[in-house]
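S.K.: Could you have a look at this structure, given as structure tokens, before my questions?
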Amino acid sequence: MVNKFLILVLFATLVQSKEVPPLVQQNCLNCHMQQKIPSEFIYRRYLMKLSTKERIKEHLFSYLKNPEIANSIMPKQFFLKFPKKKALDLNDTLLEESIEAYLDYFDVKKKLRLKNHRTATTPK
């Protein structure tokens, strides 16, 4: 219960902190939010399993063209709680643009803030 709340708060904070691109809102988040599918969690799973943006793009493109449970990166238990994805009615170009916008929107690298640490040899 607490985990669901934290994920919801984190997702709401992320959505509020950055304007959602129209392609992402229309082609991704409308359904994800309606069905309460945690997009941030899904993005992190893709990142952990595939590690590079190019591999994630390839897998997402392939999955969205043929959204079968066997092709999904999500564990089988995920589909006990969330519905199976319906195929998107998008041409390849629009699908690629939507995937790019989705990955850009959820990119964790853009959320990292590194402090500039001075070392003993760094002049002040």
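Where a number appears in this text, it was derived from the coordinates with a stated rule and is not lab data. Keep in mind that what you see is a predicted model, and the values were worked out from it rather than measured. Glycine also receives a Cβ, built like all others from the backbone with ideal geometry; neighbour counts cover every protein chain displayed.
S.K.: Shape of the stretch 20-106 from its Cα gyration tensor (a ≥ b ≥ c, root eigenvalues): rounded if a/c is under 1.5, otherwise prolate when a/b > b/c, or oblate?
M.R.: Note, shape of the stretch 20-106 comes out rounded.
S.K.: Quick one: if the Förster radius is 30 Å, what FRET efficiency do Val20 and Ala70 give, using the C-beta to C-beta distance and rounding to 0.05?
M.R.: FRET efficiency, Val20 to Ala70: 0.50.
S.K.: Roughly how many Å is it from the Cα centre of the stretch 31-51 to that of the stretch 54-113, as a whole number?
M.R.: Rounded to whole Å, the Cα centres lie 8 Å apart.
S.K.: Grab the beta carbon distance between Gln77 and Asp104, set R0 = 41 Å, and tell me the FRET efficiency rounded to 0.05.
M.R.: It comes to 0.90.
S.K.: Run the numbers for Glu58 and Arg44: contour at 0.36 nm per residue of separation, minus the present Cα-Cα distance, in nm.
M.R.: Once the chain is fully extended between Glu58 and Arg44, it gains 3.5 nm.
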